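The values are calculated or read from the model by the stated rules, or taken from the named source; none is laboratory data. A quick note: this is a predicted structure, and the numbers were derived from the prediction, not measured. Heads up, the Cβs are rebuilt from the backbone with ideal geometry, glycines too, and the neighbour counts pull from every protein chain shown. Accessible surface areas use protein heavy atoms only, side chains included; no ligands, DNA or RNA. Shrake-Rupley method; radii C 1.70, N 1.55, O 1.52, S 1.80 Å.
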Amino acid sequence: MFSVRQLVQLGIMFSLVAVPLTGQTGSASSTPVEHGTMTADQHAAMHGGKSSYAQDSAFAALQERGKMAMGVDQYQSAHRFEVLPDGGRIQLQVKAYDTLAVAQIRAHLKLIEHAFQAGDFSTPEFVHLRTMPGTKEMALKKDVISYSYADLPRGGEVRIRSNDLSALAAIREFLTAQKEDHRSH
């Protein structure tokens, strides 16, 4: 008997057929392309994608790593990264109230508060697969930056504060990069 994974793999194997592509950037192609050798842009064109497939798949991967790190479906929650005169804030809330998801967000953000205070930015590094802008300076300046957690109705927030100008610049750099990567507002 086949496992679900084996069946999916077999299905993928048998679906590798020649597919004519149209709607690509530039001129349309009527030349069949083997599915397994398609470029990301060809794959996106085949599915009628208007944005770059590589960007969308990178964002989906970021969302999946975020789910692993935070324990909450990133598409069912909303991140907000706000730059403020004395630092900023990170908010995470579920879109529709869910007791378990709210508890998970609150636990995650409390851990983030303590990790950041210790100069540990490994969670955002994992989620973004890179050292986040500003975090090296924030780690060096951990003694002049304060982090405080607070509950929100459907999640929580971590407030970041400092009076140190280079720490504030690093905080702003970090929050701006987070906002861009998470496509947050």
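One table, with the values for the structure above:
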read-out	value
First in region 68-82 and acidic (Asp, Glu), second anywhere and assigned to a helix (DSSP H, G or I) and at pLDDT 85 or above, Cβ under 9 Å, 6 or more apart	ASP73/ALA101; GLU82/LEU175; GLU82/LYS179
Test: residue in region 158-178 that is farther than 18 Å from GLY87 by Cβ and open to solvent by 70 Å² or more (accessible area, probe 1.4 Å)	no
Any pair with Cβ under 6 angstrom, 6 or more apart, that starts in region 139-162 at a residue that is among the polar types (S, T, N, Q) and ends at one that is buried (at least 18 other Cβ atoms within 10 Å of the Cβ) and not in a strand (DSSP E or B)	SER162/LEU168
Scan of region 152-164 for residues that are over 22 Å from the mean Cα position of the chain (by Cα), among the charged types (D, E, K, R) and assigned to a strand (DSSP E or B), ordered by number	ARG161
Number of positions in region 107-121 that are in a helix (DSSP H, G or I) and open to solvent by 60 Å² or more (accessible area, probe 1.4 Å)	4
Region 120-157, subset small (Gly, Ala, Ser) and more than 23 Å from PRO85 (Cβ to Cβ), residue modelled with the lowest pLDDT	SER122
Identity of the residue in region 136-146, of a type outside the set (D, E, K, R) and open to solvent by 20 Å² or more (accessible area, probe 1.4 Å), that ends up nearest to THR123 (Cα to Cα)	ALA139
Among (1) of a type outside the set (Ser, Thr, Tyr); (2) within 16 Å of PHE116 (Cα to Cα); (3) touching a strand residue (DSSP E or B) at 6+ places or on another chain (Cβ under 8 Å) - the single one ALA170 does not satisfy	(3)
Condition check for SER148: under 18 Å from ARG183 (Cα atoms) and of a type in the set (Ser, Thr, Tyr)	no
